[in-house]
1. With θ taken as phi - 60° and the coefficients 6.51, -1.76 and 1.60, list the Karplus ³J(HN,Hα) couplings across segment 363-370 in order, rounded to whole Hz; mark glycine and proline as x.
2. I'd like the carbon and sulfur percentage of the solvent accessible area for segment 3-235, probe radius 1.4 Å, heavy atoms only, ligands and nucleic acids excluded.
3. Quickly rank 71-80, 257-266 as a protection proxy: mean count of other C-beta atoms within 10 Å, highest first.
4. From the C-alpha coordinates alone, can you work out the Kirkwood hydrodynamic radius of segment 266-408, in Å?
5. Taking only the alpha-carbon positions of segment 6-116 and ignoring solvent, what does the Debye formula give for the base-10 log of I(q)/I(0) at q = 0.17, 0.19, 0.20 Å⁻¹?
6. Relative to the longest principal axis of the chain, what angle (0 to 90°, nearest 10) does the C-alpha long axis of helix 258-269 take?
7. Sum -39500 (n - 2.57) across every DSSP H segment of at least 4 residues in the chain, then divide by the residue count to get the 222 nm mean residue ellipticity, nearest 500.
8. With an 8 Å Cα cut-off and a minimum separation of 6 or more residues, compute the relative contact order for segment 3-235 in percent.
Amino acid sequence: MCGIVGYIGKEQKALETIISGLEALEYRGYDSAGIAYLNNNHIDIIKKKGRIDQLKKQLDFKIKSKLAIGHTRWATHGEANEINAHPHKCGQVTIVHNGIIENYIELKQKLENKGYQFKSQTDTEIACALIDYLYQKEKNILKAIQTASHKLHGSYALGIIVDNDNSLYAIRKASPLIVAVKDGEKFIASDVPAILKYTNEYYLLEDGDIVNLTEDNLTFYNNDLEKIEHEKMIFEGNIESGKKNGYDHFMLKEINEQPKVILDTINFYFDGSLESLKKNLPNLNKYQNIHIVACGSAYHTGLVAKTLIEEIAGLPVMCEIASEYRYKRVFYNDKTLVIVISQSGETADTLASLRKAKDDHIDTLAIVNVVGSSIAREADCTLYIKAGCEIAVATTKAYTAQLSILSLIAIKLACIHQQIDKKRFETIVKEIKNLPNMMTSLINNKQYHDIALKIYQREDIFYLGRKIDYAMSMEGSLKLKEISYINSVAYAAGELKHGTISLVEDKTPIIAIITDDEIKNKTISNIKETKARGAYVILVSNYEEHDQYCDDNIVIPKIDPFIQPMLTIIPLQLLAYEVAKLKGCDIDKPRNLAKSVTVE
Ligand code: F6R
């Protein structure tokens, strides 16, 4: 979603710093960009629809400026155009905003009555006018920001500059914002990649905190305007995570990083002994049922975990999409554990679901990638995946890293409930050691491009699978549709003939997944039903014999079901990637999508 960058510094490098920061945040998804900078005591604002390159063309980088705010906008209120793009200026106040002001219509009426006129359709312009109004009244910008924060409902991270005031201000509530300092220069940003060029040290703001950055000082205030200190955080990754390093796309780079990522993640929690699982994962003994809540791909990892935990450990699991969970009647008790999964740790619906469980005094566990994110900070217990910075909008390495932690949780639960014996445990340990090599071989498999050539011009592609393979189908289908724009749906294999098979015609691609022996023959029967109607069947399976019922066959190594999904996903990611590449799509920044979905 929207990206914010702010700069104040003696070096007077505001324009280039803002642009390079916004470029580093491009992965968040956006459809317009803009900048406001101090130019000889005047604030100039330049905004453009489309990519940052368009904005760059309008800028004179020779201008020396010591203060600026910049923004990439992912449209929510009003279409993507120059008027709606940020920054917005009202009176003496100029702001950039990430989030949603829920009560903006009511505020707009009040401000119109006070004489404000609005040019854009955005909620941000209203927030800007509100701060200006309060500033005119109170003559104190900190007080104005504080009062505005009580009147604004919803989520916001705001970067604020004021006419004739050589300062940068920021406030956040339920939207991410970091602050960083490097020698004489100071920054605010929506995420760490924006500042990595300068420093890997940063501060996190708590909800309601206000920060004032001047050339010489950095001052944090709580929402009562008392000065406070914040602990410095160190970003574990490095600037390389923001570079493609020779790969055509970040998505491909991140797919290739998966063997290392799962090794790093698993090794962090598990040294091959049951003791390490006992020590490094939370105590799960008391739980009799589990709710897993997440969105998108993270929800799909939850579905995999549901199957593993229910089938093997024998514990009931409800896996729910967060945007549903947060509003539905949920049945839990003191033996329920709510697990929320989120790469960004900022997904609005997942965060709201976490808060719902916490309000009901239910134990919560978060599986998160971004250190210090809202979900990570609010959950009772947080397990970090070790995926590093994920730039491509379509998640790959974070998905697999989530799977790896969920597999460990499932194994731990299976041990607690005595559902696996020592021999199986030892086999899993051996297979885990070999997992990165197996993943690398699958990544290097040469089949994907040739198969993609046969299907990339089709309008509809179906994915089929049963049980855990159905959960994998859902992720394969999501990967394909989000980056290639091909309409794709995943079906529980047995369900197809209850309606959807009417869509299968000559050469309709069906990607079928079979890794579960128990239901193998059932899925094969369903595949044959599609084949009899002319489907072009691509089978992803962990067994060798195939032929009559499929046209292409990708064979993956057969390993224990606890860890099999980490292999199954590789061909699905790479098929989607190759199809999107053949179609010439903008793979790392698919249209309409945002990396971090901070609005509901
Ligand atoms: C798909 C994708 C999304 C995210 C979803 C949740 O490739 O990336 O479906 O999985 O938006 O995001 P997080 O994990 O940040 O909560």
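The values are calculated or read from the model by the stated rules, or taken from the named source; none is laboratory data. Remember, predicted model here, so these are calculated numbers, not experimental data. Backbone-built Cβ (ideal geometry, glycine too); neighbour counts: all protein chains shown. Protein only, heavy atoms only, side chains kept; ligands, DNA and RNA dropped before computing areas. Shrake-Rupley method; radii C 1.70, N 1.55, O 1.52, S 1.80 Å.
1. 5, 10, 10, 10, 10, 9, 9, 7
2. Roughly 42 percent of what the probe reaches on segment 3-235 is carbon or sulfur.
3. Highest to lowest by the protection proxy: 257-266, 71-80.
4. That comes to 15.0 Å for segment 266-408.
5. -0.82, -0.98, -1.06
6. 90 degrees
7. -11000 deg cm²/dmol
8. Normalised by residue count, the contact order of segment 3-235 is 20 percent.
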